[in-house]
Structure formats: C-alpha cells, structure tokens
1. Remind me, relative contact order of the chain in percent, using alpha carbon pairs under 8 angstrom and six or more residues apart?
2. Out of the total accessible area of the chain (probe 1.4 Å, heavy atoms of protein only), what percent is carbon and sulfur?
3. Under 1.5 on a/c is rounded, so check that first for the chain, then, if it is not, pick prolate when a/b is larger than b/c and oblate when it is not; a ≥ b ≥ c are the square roots of the alpha carbon gyration tensor eigenvalues.
4. Residue 17 versus residue 73, label points 7 Å from Cα toward the beta carbon: distance in nm?
5. Rounded to the nearest 500 deg cm²/dmol, what is the calculated helix-only ellipticity per residue at 222 nm for the chain, with -39500 (n - 2.57) per DSSP H run of length n ≥ 4?
6. Going highest first, how would you order 5-16, 390-401 by mean Cβ packing within 10 Å?
7. Under a 5 Å amide H to amide H cut-off, with H placed in plane at 1.01 Å, what residues pair with residue 9 once short-range neighbours are removed?
8. Leaving out ligands and nucleic acids, and using a 1.4 Å probe, what accessible area per residue does segment 189-405 come to in Å²?
Amino acid sequence: MDRPKVVLGVSGGIAAYKACELLRRLTESGHDVRVVPTESALRFVGAATWSALSGHPVATDVFSDVHEVPHVRIGQSADLVVVAPATADLLAKAAHGLADDLLTNTLLTARCPVVFAPAMHTEMWEHPATQQNVATLRSRGALVVEPAVGRLTGVDTGKGRFPDPVEIFDLCRRTLARGSRPADLTGRHVVVSAGGTREPLDPVRFLGNRSSGKQGYALAGTAAARGARVTLLAAHTDLPDPAGVDVVHVETAVQLREAVLKAAADADAVVMAAAVADFRPAAYATGKIKKTEGRDPEPLTLVRNPDILAELSADRPRPGQVVVGFAAETDDVLANGRAKLRRKGCDLLVVNEVGERKTFGAEENEAVVLSADGTETPVPYGPKEALADVVWDLVGNRFGALDGLG
Ligand code: CTP
C-alpha cells in the first residue's frame, strides 16, 4: 500500500528545530514525508538534517530538478501539507496567494488538507494583519492551530509558542484520517469539559474520581481537526494539552461551572464530558486534618454541587446552542440514560456502560448517543476518537438544521 504523502513545510523561526521531532514521528509512523523549508528556515536547521530525517532531497526554490516540475507536483500529490512552524510572513504569503519559493508554490497547488502551526512573538500573532490572514486561511478550510501560551524566545512569555510536536503530530494523524472530508466545524466555537473534578477536604486531601479525561480530550482533538475553535476545560487528568486548543485548567465543580458559563457565552456547542463530583465536603479545613489516638474520626458532611449540565441546558447563553452530556451507567443503561436525558434537558446524551473492559482510563469505548428528538445512535466498541467523531457528526447535523431555519 502507498504510504500517505505528507509535505512538511518549515518556515524561518527558531521553532524549526522542534519540527525535526514532528518529522521523526511522521516518518516512523509510516508516512512518506517531503520537507520543503523556506530559505530562512535553513538558517535555523540545515538541509542535511531535513534530508537525512526524511530520506528525500530538500530544495527551497523552484529551479532545482526543474524537469520534475516540483513546484506543481509536490503539492498536487500530497495527502496532507503541514507548515510547522508557520511564521507571520509565511501566513501572510499563504493568505495572499504569493508564490515566490517552493513552499508557497506547493501551498497553491495542494488540494489536500493544510495545517498551519504558527509560532511567533505575541505581538506578531495578535497584530490585526496576522489575525486577518489567519481568518482568511481558515475561511478557505485550512486548519490554523492556535499557538500555545508559554515561554517564547528570549525573556518573553505569552501566546505564540509552538505547540508540543507530539500534539501537532496527533492533529496531522487525525486530519489525514479524515481524508477528503471537509473541516466541517470551521467557524464554530465548541467548549468541551474533561477529566474528573477534585473537591478538597484539607490542603493535602480531596474527593476525586477515576475519570482519565481521554474521552473529553479525544472530543477536543477531533473538533480541532474538523476546524473548530475549541476551548477545553480540563479538570484533573494526566494528559498533555492538545495542540490548537485553548485549555483552561480547573479543579473543583464550582470552578468548572464558572469556567463553563464563561466559555459558553459565545459557544455554538458545549459538551460536558467531565466527571463532575455531585457532592463536596461541607467544610474545608485550612490545616491538615489530624488523627487523635483513641478517638473516631469526625464524620464527613457533604453538600450538593451545582448541576452544570442541567443549568446550562435550561438557560442557554446563546440561542440554538447545542448541549451534550455524558452518562456512565452500570445498570439499566438505556432506561437510565433516557430518564437522564429528560432530567438534564440537553440535546444529546452519550450513554455508556461502565464495567469489565469498558473501564475508566481505557483507550476504547462503546456507547449509544440518545437524542432529545428520540433517535438513538449506537456506536460500536472502538477508539474514543471514533465516538468523538460520531458526537461531532450529530452536533453538526443540528447546526445544519438550525442554519436551515435561519
Ligand atoms: N454533570 C454536571 N454537573 C454535575 C454532575 C454531572 O454537569 N454536578 C454532567 C456530567 O458532566 C455529565 C452528566 O452531567 O455530562 C451526567 O453526569 P452523571 O454523574 O451521570 O449524572 P448525575 O445527574 O450525577 O446522575 P447520577 O445520579 O446517576 O449520578
């Protein structure tokens, strides 16, 4: 079988060295990668490195190997083009269709999905010129990853950092898996909650749960690969931040509620995949709770946490907003799920049975998605990303129906 053909475009930023790791992951996972650096990218990482790691010759201009017409052929035959890092200059050229080197020519001839992973200083990223170029590229269906927040070159810190290459690789893998299907969530803002809340008892103890966050992270990652602007509200999980997703870390149910209501204000869809503690300790001890010899411990008094899903479903900050809940059930799965869908008032409820191989932390899941209109969509046992894609398909159908009404 032919290996998927990936073009790795590299423009001239210090993060070019991180693209070596992305290249290595792509080649090791069976992709045929052709690296197309810009002239200035070679000032950061030399052609020998790109050539050795990819197993292909490397050129920056359109006049090498002219008989092979590389300026057309490389783009035409690609299954995916990823530009990482993408500088402000490269984004501007791509947005305006300039074609003065091999990479920009490749971008004009590519008919496959294109991913840009920008990296630059915060001021350059936030400049209206760059923001307009990004909007133009997105409106044409390109995936432009939101840069990460963190340490930049020099002493600066802020938005503009190149995301973790492993996470960009994941985004590329997801995008390739979608093949020619369009980035159908482009222009949508979706909010996903994930992980398990922790309710503190004292400075060293908490009440938690066994949620791994994997399903919520899969939802966030697949939505980004489908072009959405994604806000991920992450309660406790050990997973790294996915590329191209705005991540807000929270701890408790009360903090999660605040973050959900804030992010939901301009969201087209909210998916509550987090395992939210229903109760929290009534009191928080500011000092560590000590044991006293010969005395029984004080009983733990719990109070109810707000039900975020029910509250959001009842009082949607935006008309037409699609609200999705999750339910893990052990018995009478479907009957309990149907009752929960009515009680919570959401549009879709993803019901899965917990137990045996369907345990927390697993890579795979099996579920039925119940819809408020009575339809039920079974999703066979498979990767959590596959379930995430079904959820976004159903959410997308609702957007489509609402757009039709508008
Ligand atoms: N949820 C929420 N706020 C809570 C509890 C749960 O928003 N305080 C959301 C979860 O994120 C999930 C859905 O509600 O999307 C279902 O959670 P679940 O714990 O199954 O629902 P409960 O109402 O707590 O039902 P049960 O009595 O079965 O625990």
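The values are calculated or read from the model by the stated rules, or taken from the named source; none is laboratory data. Everything quoted here is computed from the prediction, not taken from an experiment. Here Cβ is always computed from backbone atoms with ideal geometry, including for glycine, and neighbour counts include all displayed protein chains. Just the protein is used for accessible areas: all its heavy atoms, side chains included, with ligands, DNA and RNA removed. Shrake-Rupley method; radii C 1.70, N 1.55, O 1.52, S 1.80 Å.
1. 11
2. Of the solvent-accessible surface of the chain, carbon and sulfur hold 52 percent.
3. Numbers: a/c = 2.19, a/b = 1.75, b/c = 1.25.
Judged from the Cα gyration tensor, the chain comes out prolate (a/c at least 1.5, a/b above b/c).
4. According to this spin-label approximation, the distance is 3.5 nm.
5. The per-residue figure over the chain is -10500 deg cm²/dmol.
6. 5-16, 390-401
7. 36, 82, 83, 84
8. 49
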